[in-house]
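The values are calculated or read from the model by the stated rules, or taken from the named source; none is laboratory data. This one's a predicted model, so the numbers in the text were calculated from it and none came from an experiment. Cβ: placed from backbone, ideal geometry, glycine included. Neighbour counts: every protein chain shown.
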Amino acid sequence: MKLEQLTAITPDPTAYRARLASARDAFFGRFGSDGEEPRFISAPGRSEICGNHTDHNGGKVIAASVCQDTLAVCRRRSDRTVRLFSEGFGELSLSLDELSPKQDEAFTSSSLIRGIAARLSETGHNIGGFDAYIHSTVEPGSGLSSSAAFEACIATVFDRLFNGGSIDPIFAAKVGQFAENAYFGKPCGLMDQVACTLGGFVSIDFADRDNPIVRPLPAFPFGEEYELCVINCRSSHHDLNAEYAAIPAEMKAAAAVCSWERLADGNESELIARLPQIREACGDRAALRAIHFYEENKRVEAMARAIETSDAKGFLTLVRESGQSSAAFLQNLTVPTRPESQSIPLATALCATFGEDVFARVHGGGFAGTALAFVKKEESVKKAFLACLNGVFGEGSCRFPGLRAVGACEVDARS
């Protein structure tokens, strides 16, 4: 990963420079000022633009990195101890002399650090101890993948401190995914990590499990007219594991009727030919979710072309169509047993009242959490939009994170 100028990672270098100075002071206050000068690592959060619930069945997605980031001030140690203080979360310490998974570290930051170090070590990369102060603007529950941003940040710390910036961003993403799956204890795809390590707009095809095809896309060409907004619908993901797990399970059950392991192993026409058997074996919802998978893949391909040809109308129409498919076919906007809680459909319905000024869809896993919208930058539109959405979901519900062109990197604080 590279050394980047401040202008590459933030629209406000002056404010970011002040943040770096504050973080540096906090690092010295925690770990002392003796030794070599600390270095600055930044890893962005990410937004899912299209490809809702397709990755787990070998499908296609488009994701983008955002300006909100996880910032690490770090310095090498002479031993193999990692000491890390994360603002708002406290301090941890672990030894890299022991790299095997620890059951009592599951679902902790320590497990991610240990897992990243283990994977790097077993693939021939250098690891070592370091001190780090972490300040993140990628808030947990924000829908911008705070976990992937943290993983990308730690992988980049190891890269810049001990490997001379030689680690490929895609490999770093796979290292983060490995740590989250095998050490943290949470199954996940690769979309979030790739968006955080590579940066910019990326199209990812997961048909090949081991080597997904990652294609960088041009910078967002519609930024003069529309701005990305993430709407926090103030609903909790708590106790929704069964709903999330049912989506890949039902898609794979439909695939199994066709003698495939995943939907990516077949095609839509064959699936439709087997719909009577799928309905009997799996039910109608599984059939609808399978159809969503294939149609969403087509939208990803069309959206990539729209970005490459600067087709704003085509891009925005596909954003809206993706959301409509998630609502009607994927059915991940609400929990059937909780009819009183429908915050994501409410958010997208409110967005629809703005006509061609706002284009919205569910953001990420669904059922609760966040929605995504592209909002026209006209002052009157933005003012009315914020008054409406914040009025319903609470002040501060709408965040405009900004799109970032570069992924995880070392920051040149002097730039």
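Restricting the range 308-318 to residues that are surrounded by fewer than 23 Cβ atoms within 10 Å (Cβ to Cβ) and part of a helix (DSSP H, G or I), which is nearest to the chain's Cα centre (by Cα)?
Residue satisfying both the conditions and the ranking: LEU316.
Being modelled with pLDDT of 95 or more and of a type in the set (Ser, Thr, Tyr) narrows it down to one of THR10, THR70, so name that one.
It is THR70.
The rows are residues; the columns are (1) touching a His at 6+ places or on another chain (Cβ under 7 Å); (2) closer than 15 Å to CYS233 by Cβ; (3) of a type in the set (S, T, N, Q).
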{"site": "ALA304", "(1), (2), (3)": "no, no, no"}
{"site": "ARG320", "(1), (2), (3)": "no, no, no"}
{"site": "GLY323", "(1), (2), (3)": "no, yes, no"}
{"site": "ALA327", "(1), (2), (3)": "no, yes, no"}
{"site": "GLN331", "(1), (2), (3)": "no, no, yes"}
{"site": "THR337", "(1), (2), (3)": "no, no, yes"}
{"site": "SER343", "(1), (2), (3)": "no, yes, yes"}
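Matching residues to (1) free of Cβ contacts under 8 Å to residues at least 24 places away in the same chain; (2) touching a helix residue (DSSP H, G or I) at 6+ places or on another chain (Cβ under 7 Å); (3) basic (Lys, Arg):
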| residue | (1), (2), (3) |
| --- | --- |
| ARG119 | no, yes, yes |
| ASN126 | no, yes, no |
| GLY129 | no, no, no |
| ALA132 | no, yes, no |
| SER146 | no, no, no |
| ALA152 | no, yes, no |
| ALA155 | no, yes, no |
| ARG160 | no, no, yes |
| GLY176 | no, yes, no |
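For the range 346-376: of the residues being part of a loop (DSSP other than H, G, I, E, B) and out of contact with any Cys (no Cβ under 9 Å at 6 or more places or on another chain), which is surrounded by the fewest Cβ atoms within 10 Å (Cβ to Cβ)?
The extreme case among them is GLY365.
Residues being more than 23 Å from the chain's Cα centre (by Cα), closer than 24 Å to ASP208 by Cβ and either hydroxyl-bearing (Ser, Thr, Tyr) or surrounded by 13 or more Cβ atoms within 10 Å (Cβ to Cβ) (or both): count how many of those fall in the range 268-289.
Residues that pass the stated criteria total 3.
For the range 247-262, name all the residues that are farther than 14 Å from ARG279 by Cα, small (Gly, Ala, Ser) and modelled with pLDDT of 95 or more.
SER259
Of all residues being assigned to a helix (DSSP H, G or I) and within 26 Å of the chain's Cα centre (by Cα) in the range 377-391, which is surrounded by the fewest Cβ atoms within 10 Å (Cβ to Cβ)? Just the residue, please.
Only one residue fits best here, namely ASN390.
Just one of (1) buried (at least 17 other Cβ atoms within 10 Å of the Cβ); (2) at pLDDT below 95; (3) not hydroxyl-bearing (Ser, Thr, Tyr) trips up GLU340, so point out which.
Exception for GLU340: condition (1).
I'd like the residue in the range 219-247 that is surrounded by fewer than 20 Cβ atoms within 10 Å (Cβ to Cβ) and touching a helix residue (DSSP H, G or I) at 6+ places or on another chain (Cβ under 6 Å) and, out of all such residues, is farthest from ALA207 (Cα to Cα).
Here the residue is ARG234.
Scan the range 329-345 residue by residue and report those that are in contact (Cβ under 8 Å) with a residue 24 or more places away in the chain and either at positive phi or out of contact with any strand residue (DSSP E or B) (no Cβ under 9 Å at 6 or more places or on another chain) (or both).
PHE329, GLN331, THR334, VAL335, SER341, listed by residue number.
Do we have THR156 as surrounded by 18 or more Cβ atoms within 10 Å (Cβ to Cβ), modelled with pLDDT of 95 or more, among the β-branched types (Val, Ile, Thr) and farther than 30 Å from GLU261 by Cβ here?
Answer is yes for this residue.
Given the condition within 27 Å of ASP412 (Cα to Cα), in contact (Cβ under 8 Å) with a residue 24 or more places away in the chain and among the aromatic types (Phe, Trp, Tyr), answer yes or no: does some residue in the range 74-85 qualify?
Scanning the range 74-85, I find at least one residue that is within 27 Å of ASP412 (Cα to Cα), in contact (Cβ under 8 Å) with a residue 24 or more places away in the chain and among the aromatic types (Phe, Trp, Tyr), so the answer is yes.
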